[in-house]
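Colleague: Sending over a structure as structure tokens; questions will come in a sec.
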Amino acid sequence: MKVLMIFDQIQAGMGSKEKSDIPLGGKKGEIGSVPMIKPHLQEVDGEVIACLYCGDKYFKENEDEVSKKMVSMVKKLNPDIVICGPAYNYKGYAYMSARLAKKLNENTDIPALAVMSEENEDIILKYKNSVNIVKMPKKSGIGLKKALNNICILAEKIFNKEDIEELKKNICY
């Protein structure tokens, strides 16, 4: 299963909150926080083929342009699934993750899911009916390992075109 990750500037390893104006970029292979999810992906025969990233402030200020370019880049890279996040409790990143997952699901045949913590309640309420949003703890919260495992299990089931309704009740909002 070929996985593409979408990160903000922090998870991509491109800087902190102060670098939120970093424009859209990408790299084939692994960057940033991929090592955190990699062992869980390996359990489901998943491999990160590329990572795309964008500063959350830059995304908000250039949403239409970035969304179009992301859709185009994802189509070109042709992964089996896209994981937007994990956004933890970072509101700007959570918004970007939900918006991009929705755009990708609407404009490609490549499934995308988002990952964030319950602190992003307004975003979750707005997007949970159109995007699979996996539950995860806030940054440094308890349950990270389980959440990372859940992301990969859901990705595998989507990739295998299995029924995910029962699983979603337990791991998604």
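Colleague: Of all residues being buried (at least 21 other Cβ atoms within 10 Å of the Cβ) and aliphatic (A, V, I, L, M) in the stretch 1-28, which is nearest to residue 88 (Cα to Cα)? Just the residue, please.
Modeller: 10
Colleague: Separate question: I need the full set of residues from the stretch 128-163 which are modelled with pLDDT of 95 or more and of a type in the set (Val, Ile, Thr), in order please.
Modeller: Across the stretch 128-163, the qualifying residues are 131, 133, 134, 151, 153, 158.
Colleague: Can you tell which of 128, 146, 69 is out of contact with any helix residue (DSSP H, G or I) (no Cβ under 8 Å at 6 or more places or on another chain) and within 21 Å of residue 31 (Cα to Cα)?
Modeller: Within the list 128, 146, 69, the selection yields 69.
Colleague: Take the stretch 127-143 and flag every residue that is surrounded by fewer than 19 Cβ atoms within 10 Å (Cβ to Cβ), touching a residue at least 24 places away in the same chain (Cβ under 8 Å) and either over 13 Å from the mean Cα position of the chain (by Cα) or under 21 Å from residue 4 (Cβ atoms) (or both).
Modeller: 128, 130, 137, 138, 139, 141 - these are the residues of the stretch 127-143 that are surrounded by fewer than 19 Cβ atoms within 10 Å (Cβ to Cβ), touching a residue at least 24 places away in the same chain (Cβ under 8 Å) and either over 13 Å from the mean Cα position of the chain (by Cα) or under 21 Å from residue 4 (Cβ atoms) (or both).
Colleague: List, please: which pairs have Cβ atoms under 8 Å, are six or more places apart or on different chains, and start with a residue in the stretch 155-171 that is closer than 17 Å to residue 136 by Cβ and end with one that is at pLDDT below 95?
Modeller: That search, which allows pairs on different chains as well, returns nothing.
Colleague: Oh, and also: List the number of the failed condition for residue 31; all other conditions in (1) within 24 Å of residue 157 (Cβ to Cβ); (2) over 13 Å from the mean Cα position of the chain (by Cα); (3) crowded, with 16+ Cβ neighbours inside 10 Å hold.
Modeller: (1)
Colleague: Please enumerate the residues belonging to the stretch 46-73 that are of a type outside the set (Gly, Ala, Ser) and touching a residue at least 60 places away in the same chain (Cβ under 8 Å).
Modeller: Matches in the stretch 46-73: 70 only.
The values are calculated or read from the model by the stated rules, or taken from the named source; none is laboratory data. All values derive from a computational prediction rather than experimental measurement. Glycine also receives a Cβ, built like all others from the backbone with ideal geometry; neighbour counts cover every protein chain displayed.
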